[in-house]
1. With label points built 7 Å along Cα→Cβ from the Cα atoms of Phe499 and Lys70, find their separation and express it in nm.
2. Diagonalise the Cα gyration tensor of the range 121-166 and give the resulting equivalent ellipsoid semi-axes, square root of 5 times each eigenvalue, largest first, whole Å.
3. Which log10 I(q)/I(0) values does the range 146-291 give at q = 0.14, 0.18 Å⁻¹ under the Debye formula, counting every alpha carbon as one identical point scatterer?
4. Quick one: dipole size for the chain, taken about the Cα centre, charges +1 on Lys/Arg Cβ and -1 on Asp/Glu Cβ, in debye to the nearest 20.
5. Among 290-301, 525-536, how do they line up from the highest to the lowest mean number of other beta-carbon atoms within 10 Å?
6. If the reach is capped at under 17 angstrom between alpha carbons, list the aspartates and glutamates near Lys371, excluding any in the same chain fewer than eight residues apart.
7. How large is the accessible surface per residue of the chain, computed with a 1.4 Å probe and reported in Å² as a whole number?
8. More than 23 Å apart: what percent of Cα pairs in the range 254-353 qualify?
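The values are calculated or read from the model by the stated rules, or taken from the named source; none is laboratory data. If you're wondering where the values come from, they're calculated on a predicted model, not measured in any experiment. Backbone-built Cβ (ideal geometry, glycine too); neighbour counts: all protein chains shown. What goes into the accessible areas is simple: the full protein's heavy atoms, side chains included, and nothing from ligands, DNA or RNA. Shrake-Rupley method; radii C 1.70, N 1.55, O 1.52, S 1.80 Å.
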Amino acid sequence: MRKYLLSALFLCTTILTIHAQVNVKAQDNTGDSDSQALKVKTELLNPSSLINDGTIILDVSGGTPPYSYKWSNQETSLKSNKAENLVEGIDYTVIITDANQNTVTKSYRIPAESITENFNGTFAPIVQSMGAILFWDPFTALGVYDPIVYADVKNVSIPNWTSETEDKFTLKSWEAKEGQHIEKGDLIAIITSEKDGDIEVRSSTSGELQHLVKEGNSIFDYTNTADLIESGAHYFARIQYDEPVILTHPNGDPQTHTIPFIVVWLVLGAAFFTIRMGFINFRGFKHALDLAKGKFDDPNAPGSITHFQALSTAVSATVGLGNIAGVAVAISLGGAGATFWMVLAGLMGMSSKFVECTLGVKYRFINKEGKIFGGPMNYLRYGLEKRNLSGLGKFLAAFFAVLGVGASFGGGNMFQANQSFEILSGQFPALVGNGFWFGIIVSVLVGVVIIGGINSIAKVTGKVVPFMAAVYVIGALAVIGINIENIGPAFSAIFEGAFNPTALKGGVIGVLIVGFQRAAFSNEAGVGSAAIAHSTAKTNHPPSEGFVALLEPFIDTVVVCTLTALVLIFTGMHEVEGVGGAQLTSQAFASVISWFPYVLAAAVFLFAFSTMISWSYYGMRAWTYLFGKSNKSEFVYKMLFLIFVVIGSSVSLGAVLDFSDMMILAMSFPNIIGLYILSGEVREDLREYFRKLKAGELFKKQNVTS
């Protein structure tokens with residue numbers, strides 16, 4: 001196995017070297033021409049050593065203006081001769097067309113100069129290839145689903161309205177009748193602004209007019225909380241297109257809402273395990289709480305940490321930036337309705353956690369020194385070996401371990417360090433430009449914890465996780481409480497958005513997928529990582545740890561993610577455009593509690609810190625599976641992990657972080673295959689556990705009150 005890994009490392013290094021050499025000879029096509037009618041002069045700009053700041057400027061002559069520019073970069077307009085924010089070291093194409101439909105196709109590459117640009121340029125196509133697998137849409141491939149986003153209607157908005165508009169608007173008069181066919185430019189209504197007086201509204205398209213507001217009625221009132229919460233409160237008319245219109249990106253490519261294979265894989269697995277285990281996510285919830293409270297903690301049971309400490313360690317690895325930034329992205333893309341599907345996916349994910357963590361304990365190995373080695377590597381290898389699938393088991397276990405090491409360095413380490421620094425430096429300007437020293441400090445803090453092993457990690461997470469969760473939950477509840485009068489409109493927006501979303505949000509399928517995807521990415525149910533932490537719990541009964549583990553998706557998704565979504569919806573921030581991620585969540589809190597963004601920044605750091613220390617343990621167990629269970633092997637891994645903390649804090653690695661983050665999702669492929677095969681024995685173990693529980697044969701503390 002080591003030989004194969006070293007060969008892979010050598011191959012990656014070779015590819016990087018070749019790629020760097022190619023970059024030196026990067027083509028720019030400056031001043032050349034492939035058409036007698038159109039001549040193109042080009043300027044390629046790489047203004048700094050920072051990644052993703054490349055620019056291509058075209059100067060076109062000949063032919064018949066105006067020219068259109070069809071860029072491979074989707075964010076560049078068809079009308080723009082300038083493409084910005086490009087990745088250095090990869091090819092971009094542009095098709096230039098004049099008014100007489102003469103065309104010329106050009107290909108350009110911004111030369112990558114710095115080390116980070118070379119790394120980013122190398123990994124960008126790898127990420128694209130990996131994404132093609134993880135986000136492949138099987139339904140579109142089979143022809144049963146059309147991913148292209150169509151608009152049947154055009155909503156007519158108050159002119160120049162934004163979510164920050166503080167004004168009152170009334171419909172003064174309709175200038176076109178209900179059901180009338182209108183042409184682009186026709187006057188359709190006059191509305192009255194409290195600040196600006198009468199405003200004429202003309203149609204931006206052709207079609208059949210539908211009135212949404214009666215003459216003399218209010219359209220939007222910024223003092224009315226229902227208007228702030230309701231999705232599309234600023235629309236007062238609707239125009240039914242003569243033919244459905246395809247929504248496009250700035251470069252003219254159709255917008256699509258695909259059904260990613262990785263989401264289908266995780267959600268189908270969760271649904272299967274929910275049914276297979278007899279809806280254990282619901283009927284086992286009360287017992288899971290009793291276990292987490294220590295009611296069944298046997299001090300003499302094998303293992304290193306308590307049920308609660310195992311839960312805290314695993315929760316700390318999942319509750320993180322995704323709960324703050326990721327949910328904001330989901331709400332921005334899918335609207336308030338994404339919240340409903342996110343909660344549903346979180347509930348189903350509880351069953352996946354039960355199965356994988358039960359197996360994690362069942363197939364763990366405890367050596368003479370008391371160190372515990374458990375997780376998917378063990379149950380994939382030895383569980384499948386019991387079923388005469390030794391070859392498959394060894395392959396899946398090794399594959400999972402390789403992905404686990406990569407995911408720990410990337411998504412569980414560099415990504416957390418990188419994003420926490422970005423968010424903290426945004427609130428505390430003194431940090432700007434000091435990423436290296438920030439990384440040094442964080443690596444020292446992480447090192448102090450992880451050098452002590454799982455017991456040290458469990459003690460820290462057992463204190464940090466409840467504290468950081470309490471701070472965030474209290475802050476969210478405070479925002480919701482202050483805006484409690486919005487509860488009706490908010491839940492109306494959620495359910496209306498879940499089942500009757502606009503085409504712009506992708507319809508029901510589009511919103512459903514956004515919600516499911518956010519839940520799957522956040523709680524990691526089915527990924528298998530949590531089974532590594534839970535395998536160290538003190539217990540004689542594997543299903544007991546499965547019960548504790550099913551609380552994780554509930555805490556992560558049903559509670560924390562939902563609270564974030566409700567904060568965004570209750571404050572009306574789900575309607576804000578042009579702002580995303582953690583910044584949007586921060587603005588939502590700031591709209592009610594001006595100083596809370598500073599608290600949120602601190603919470604983000606704690607989220608990232610706890611995620612790093614938990615993932616260090618996950619990665620180390622994957623590492624020792626590949627390179628041997630020795631103290632020396634563990635020490636080498638820990639030192640590498642701390643180095644990557646500094647790298648993640650001080651360098652923007654773009655596609656490298658995307659690649660390593662994707663490895664977390666890829667871990668679900670070998671893991672869920674194993675869970676399907678082993679689910680039968682988990683069900684039998686669950687039946688036996690329930691028999692013992694009802695018979696009173698399980699250890700139970702007498703002095704712990706429920």
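1. Between Phe499 and Lys70, the simple spin-label model gives 4.2 nm.
2. Equivalent ellipsoid of the range 121-166: 36, 22, 7 Å, largest first.
3. Rounded to two decimals, the profile gives -0.79, -1.04.
4. 3960
5. The peptides rank, most packed first, as 525-536, 290-301.
6. Glu634
7. Accessible area per residue, the chain: 43 Å².
8. 43
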